[in-house]
Every structure is written in C-alpha cells, then in structure tokens.
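Report on one structure; see the data block that follows.
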Amino acid sequence: MIPSLAGIGIVCLCVLPLLLSGPYYVHVAILTMLNIVLASSLRLINLSGQMSLAHGGMMTIGAYTSALLVMKAGFSFWVAMPISGLSTALIAYVVGYPFVRLKGIYFSIVTIFFSEVVVLTAQQWQSLTGGSAGIFGISRPDPLSFFHVDFSSKVDFYYLALVLMLISLLILYAVEKSRIGMVLRGVQQADSLAESVGIDTTGYKVLAFTVGSFFPGVLGAFYSHYISAVNPDAFAFLFTIYILIYMTVGGEKGFFGPILGAAVLTVLPEVSRPLKAFEPFVFAAVLIAVIFFVPEGMAGIPHMLRRAKKGAADA
Amino acid sequence: MSTAALSQSVLNGLALSGIYILIALGLTLVMSIMGIVQVAHGEIYMIGAYSVYYVVAVLGGNFLLAIVASTLFVGSFGVLLERLCFRPFRGRADRAFTVSIALILILQNVVLALAGGNPRTFSSPFAGVVRLLGIAISWKRLVIVLVGLGLLLGLFLFIKLTRTGQAMLAISQEREGAALQGMNIDRISATAMFLGCGLAAVAGGFIGSLFSISPTMGSFALMKGIAVIILGGLGSIPGAVVGGVILGLVDGVLPALTTTHIAGLVGFAAIIMILIFRPQGIGGHEG
C-alpha cells in the first residue's frame, strides 16, 4: 500500500504547480519540501539518541560554500551544490568526534554553540563572506537545456526542490532500513549495551551526524541560489528550533512523522494568516495539543484512534 | 588602552556579569531541580523587563518598586507555568523541552501583540557617575553589581539555612532519593520556579535600565545563561558565579580590544573546549 500511496503523492506533487495560483504559493510549497528534508535528516541524527541543534549552522555552511564557489571561484551551481553538501558533511565529521562524546543535553548545547560560532565567523570574516550584510546577487543555477528549464521562474525551482526532496528521502529511507539504521536504534536504546557487544557506538553516532548534516548542506546551497542571497543569521537559533518542532510534533518514531510534521506546520501559518496577530498562537496551540495529548506525534494519531476504537468495542 | 578606559570596560564587564549570574542562577535552579531544559527562560527575563517598563514608563511608578513588583509578578507566573506546563513532564527532558519551545513562541507573541515590536527604553533613577580613585563609575552599573551581590548572598543563605533550601539541594542531587525521604517535590519545584523566574525578572529589569528592550531579547539571555552554566557546571551555584564573572568580563573587555564578533567567537569557542575537555564545568561534579 505504501509504495502506491507514495506514487500517488509524487504524481500530485508533479502537477501541483499547475494548480497553485501565483508564485507565493509555489514559494510556500518549496519551503515545505525543504523543511521536510531538514526534519527527516534531523531525525536520522536523532536515531542515534543524540539531539542535534546544529542544522541551522550546517545550512549556513552549505549556503556560503556554494555562494562562494559560484561567485568567487566560477564553479557551476551543479558542481557547487554537491560540493557544499560534502564539505558540510566533512565539517560535521571533524567536529563530530569530540561532540558525540558528550551525552544528552550537553551534546545539544555544544551543537547550539557550534551554530553560533558559524554565524559569528561569517559575520567577522568580512573579506570572504561580506560580513553581517552577507552575499547578494547570487546567480541562478545554469540552465538545463535538456529539460528546458532556465530557473527564471519559481516553478523551475519547485521541480528542483521536488527532485532534491525525493532523492533525499530515498537515501534517508535506505539508510534507516539498512544495517546502519538498525545499529543506530540499538545505540539509541542501549548505548553501553551496544558497545559491550562490540559495536563502535562513537563511530556510528559520528556517521549519523555526518550523513544527517550532508542534507542541510545541500539545501543551504539550493536556498542561497533560490533567494539569490545569503546572510549570517538567516538560519539562526530559532530556525533550528522550528525544524526540531516539525520533527517532534510530526512524531520521531517513524519515517513518516517528520514529513507530516513539516508539511502541516509549514502550511499551517499560511492557512491561519487571516487571523493576523493570532496566527502564532494557532501554531503554538497545535504544538501544545500534540505534546499533551498525542505523545507519539501527529503520525501517531491514527494508531491512537484505532486503539481508542478497539477499547470502546471491547467495553 | 588607557587605565581609565580599561577600568571602565572592566566595570561594564562586571555589570554584565551581574546580569548573567542572575539569569544563570535561575536557569540552573530550574534545570537541576526539575530535571528539564527550560529554554523559555529568556522569555521570562524578557517579561520581567517589560513589567518594569510598564510600571515605570506607562504608570509612572518608581524604578525600584517596579523591580520588586515585576519580580513578584514574574515569580508567580513561574509558579503557574510549573503547575500547568512543566509538572506533567518533570524528569522527561524531551517533552518538557518541546513545551518550553512552545512557550517561547507564545510569550514572544503575547508581548509583541501587547507592546509592539519597537524597542523600548525606560529611565533608571541611578543617573550620573561616582568618582572613585579618579575613575568615573556609572551608578547604573554599580547598582547592578551591588544588587547582584545582595541577591546572591540572599540565595546562598536561603539554601544553606532553610529546610526548603536544603531540600532543593537534595532534590537537585538525587530526585528519587529525596522523594523517598518524604520531600514534597511539587512544592520545592514551585519554589524553584518562583525563585528562578524572579531572579530572571530582576536581570531583565536592570538590563532595561542599560539597553533598549524588545520581545526577542530573550534568546541572547538564554545563550549567555546556558554558557555560564556550562562554564560553571550544572546545578553549582559557586560555579555559576565564577562562570558569570568570567563571561561578563570577556564580553565587557574584549569588544573594547577587538570586534564584538571576535569577542563572541572567543567566548563560544572557549565554552565548546570546556565542554569537550571538562564536561562537568568548573564547579560541577561528575555525571
């Protein structure tokens, strides 16, 4: 059933831009897809039992890497984007070894400070990064004549984001279903037990952190060319917090949770926009309702309803 | 840099230290006693600042009276939050974390709706300077240092001398053991929230006498508060004091010597190093 549902979903997403009235809604759709990948890749790190808050910092690294490669070194976007992902992953790998030795909340805190260091470095290193103002006028991706796209409209970016999202989700799904995903769950549930049976827990945690940071690196590159600018605090603390919310509210147990959470919570503020000043309260209310009443997250709602129904039938 | 300029920035640093220590003490109390990460602590501090602003600038009240009123109001608000939002998730760090994130959004937007997004300022009665050994010291900053010291002494005596204070210490060390000894964790948690939020309110009120305040001022306070706690070790009051003094001096003196960004970088990089090489901080214990 799941493959056919996914197929229907992909077809719907392919025709969606034809139905959306105006570039603004296409923009929201693009943001939704980016948030889905960010939340899903955050969950991969989370699988190892470590809650990273470095996603904003990683996205900043990816965005600057690509912008600089294209603007200063004359690279094509299509080369710069994967390089951005890989160099972000490399940085994650290097800092990952000391970081993952910290347990629980201390790991989360060190990743927050890591992001702050990234922001401050971008602000300070004026000759390279343009300081607090950032880099403007980043060129659009080179046209792909084979597909007849030149990225002059948002719809072209929409399809690029769609392709990126599908590939990312496929990779993340494959990793989770592989032996790696199984070991990561083992590490999450019983760190010292996994180590006692000969699993290199540190290595696996670093692996999850590295792979999970590759995706914000790529998306940062995409985003800087999409909005044609990048500045140091574009992906600051609150940005990372939102990704974390998408993941936890959607439900971190299953693969589908962060996808659902990111989709609902990115679109929700748009739907509740007529409420003006009350709009953030709708968001917060949904957040609180889920935490209090559906501890497993939104993805756990059907399961909970089924259980409630079964309970009623039994009684 | 001349001696006068240096002593001036040292004093600025000490005033910042006072603010950081007040924020960090509240945060470490709440975190170690309730076993949760309260990331909305910065917003509590922001509400403290706005309460003082309301009493001083809108009602035209006395500044010190406003600080006291704000402390009581925000402290009681903290007790309410403990009961409604945190008690159900005590000791379950991940869900309490999400609740406090929701609180960040709610509190920021409530203040934004009530007071608007423009930065606000209010005046403090402590204008002018005192001359001490030929160095001009701003009254405002001196008062912060003195009030910080006073509250610190008060908190220290409270924890040392009262049964409630001793119970707080016990619970922060071993929650289940303390409960087995018959300590009322609900009541102690509420007390910790009252004290922690009250201290944050004092910090917010005094920062408003130095800089302008805005609904988003809390994340800065949270970062600094966490940094101080990491430096000093979670749950350690002497650690928070030492950490606060160090970070305050770094933030007060370094920007005068180099740029604010480099000063910030040095601070955060040092804290990352400390986390990696001495995770228990300066005053914290193993664990």
Among the residues of the stretch A:7-29, is any out of contact with any Asp or Glu (no Cβ under 7 Å at 6 or more places or on another chain), more than 30 Å from A:Arg273 (Cβ to Cβ) and in a helix (DSSP H, G or I)?
-> yes
Selected residue (only one of A:Ile138, A:Ile199 is more than 14 Å from chain B (Cβ to nearest Cβ), surrounded by 19 or more Cβ atoms within 10 Å (Cβ to Cβ) and over 25 Å from A:Leu244 (Cα atoms)) | A:Ile138
Within the bounds of the stretch B:86-95, is there any residue that is within 10 Å of another protein chain (Cβ to nearest Cβ), assigned to a helix (DSSP H, G or I) and open to solvent by less than 10 Å² (accessible area, probe 1.4 Å)?
-> yes
Would you check if A:Pro232 is within 11 Å of chain B (Cβ to nearest Cβ), open to solvent by less than 50 Å² (accessible area, probe 1.4 Å) and either at pLDDT below 80 or over 25 Å from B:Phe89 (Cα atoms) (or both)?
-> yes
Take the stretch B:55-72 and flag every residue that is touching a residue at least 12 places away in the same chain (Cβ under 8 Å) and either out of contact with any helix residue (DSSP H, G or I) (no Cβ under 7 Å at 6 or more places or on another chain) or surrounded by fewer than 19 Cβ atoms within 10 Å (Cβ to Cβ) (or both).
-> B:Ala57, B:Asn62, B:Leu64, B:Leu72
Among the residues listed as A:Leu102, A:Leu162, the single one being over 20 Å from A:Asn231 (Cβ atoms) and without any contact (Cβ under 8 Å) to a residue 12 or more places away in the chain | A:Leu102
Only one residue in A:Val110, A:Val95, A:Val117 is touching a helix residue (DSSP H, G or I) at 6+ places or on another chain (Cβ under 9 Å), within 14 Å of chain B (Cβ to nearest Cβ) and open to solvent by less than 10 Å² (accessible area, probe 1.4 Å), so which one is that?
-> A:Val110
Give me the pairs: first residue in the stretch A:279-292 and closer than 18 Å to B:Val110 by Cβ, second residue acidic (Asp, Glu) and surrounded by fewer than 16 Cβ atoms within 10 Å (Cβ to Cβ), beta-carbon distance under 6 Å, and six or more apart or on different chains, which are they?
-> none
Of the residues in the stretch A:247-262, those that are more than 11 Å from chain B (Cβ to nearest Cβ) and in contact with a Pro (Cβ under 6 Å, 6 or more places away or on another chain) come to A:Gly250
A:Ser228 fails exactly one of (1) part of a helix (DSSP H, G or I); (2) out of contact with any helix residue (DSSP H, G or I) (no Cβ under 8 Å at 6 or more places or on another chain), namely (1)
Given (1) in contact (Cβ under 8 Å) with a residue 12 or more places away in the chain; (2) within 13 Å of chain B (Cβ to nearest Cβ); (3) surrounded by fewer than 20 Cβ atoms within 10 Å (Cβ to Cβ), index of the condition A:Leu86 fails = (2)
Determine, yes or no, whether A:Tyr204 is aromatic (Phe, Trp, Tyr), open to solvent by 10 Å² or more (accessible area, probe 1.4 Å), closer than 29 Å to B:Asp94 by Cβ and modelled with pLDDT of 85 or more.
-> yes
Show the residue pairs that are 6+ apart or on different chains and have beta-carbon atoms under 6 Å apart, the first residue being within the stretch A:137-155 and basic (Lys, Arg), the second being surrounded by fewer than 16 Cβ atoms within 10 Å (Cβ to Cβ).
-> A:Lys154/A:Pro23
Please go through the stretch A:263-285 and pick out each residue that is at the interface with chain B (Cβ under 9 Å from one of its Cβ atoms) and buried (at least 16 other Cβ atoms within 10 Å of the Cβ).
-> A:Glu279, A:Pro280, A:Phe281, A:Phe283, A:Ala284
Would you pick out the residues in the stretch A:156-185 that are surrounded by 17 or more Cβ atoms within 10 Å (Cβ to Cβ) and of a type in the set (S, T, N, Q)?
-> A:Ser168
Search result, residues across the stretch B:120-157 that are farther than 30 Å from B:Tyr54 by Cα and open to solvent by less than 70 Å² (accessible area, probe 1.4 Å) = B:Gly134, B:Ile135, B:Ala136
Give me a count of the residues in the stretch B:173-197 that are of a type in the set (S, T, N, Q) and open to solvent by 40 Å² or more (accessible area, probe 1.4 Å).
-> 3
Looking at B:Met168, B:Met183, B:Met273, which is the one that is outside any helix (DSSP H, G or I), more than 14 Å from the chain's Cα centre (by Cα) and among the hydrophobic types (A, V, I, L, M, F, W, C)?
-> B:Met183
Search the stretch A:43-71 for residues that are free of Cβ contacts under 8 Å to residues at least 40 places away in the same chain and pair each with any residue that is open to solvent by less than 20 Å² (accessible area, probe 1.4 Å) when their beta-carbon atoms are under 7 Å apart and the residues are at least 6 apart or on different chains.
-> A:Leu69/A:Ala80
Considering (1) open to solvent by 40 Å² or more (accessible area, probe 1.4 Å); (2) more than 27 Å from B:His261 (Cα to Cα), say which one A:Leu47 fails and leave the rest.
-> (1)
Please state which one of B:Gly75, B:Gly117 is surrounded by 17 or more Cβ atoms within 10 Å (Cβ to Cβ) and either away from chain A (no Cβ under 14 Å) or part of a loop (DSSP other than H, G, I, E, B) (or both).
-> B:Gly75
Answer yes if at least one residue in the stretch B:30-43 is open to solvent by less than 50 Å² (accessible area, probe 1.4 Å) and without any contact (Cβ under 8 Å) to a residue 12 or more places away in the chain, and no otherwise.
-> no
Scan of the stretch B:200-220 for residues that are in a helix (DSSP H, G or I), surrounded by 21 or more Cβ atoms within 10 Å (Cβ to Cβ) and away from every other protein chain (no Cβ under 12 Å), ordered by number = B:Ala200, B:Ala201, B:Val202, B:Ala203, B:Gly204, B:Gly205, B:Phe206, B:Ile207, B:Gly208, B:Ser209
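The values are calculated or read from the model by the stated rules, or taken from the named source; none is laboratory data. Model, not experiment: these values are computed from the prediction. With ideal geometry, Cβ positions are generated from the backbone for all residues, glycine too; neighbour counts draw on all protein chains shown. Side chains included, ligands, DNA and RNA excluded: accessible areas come from the protein's heavy atoms. Shrake-Rupley method; radii C 1.70, N 1.55, O 1.52, S 1.80 Å.
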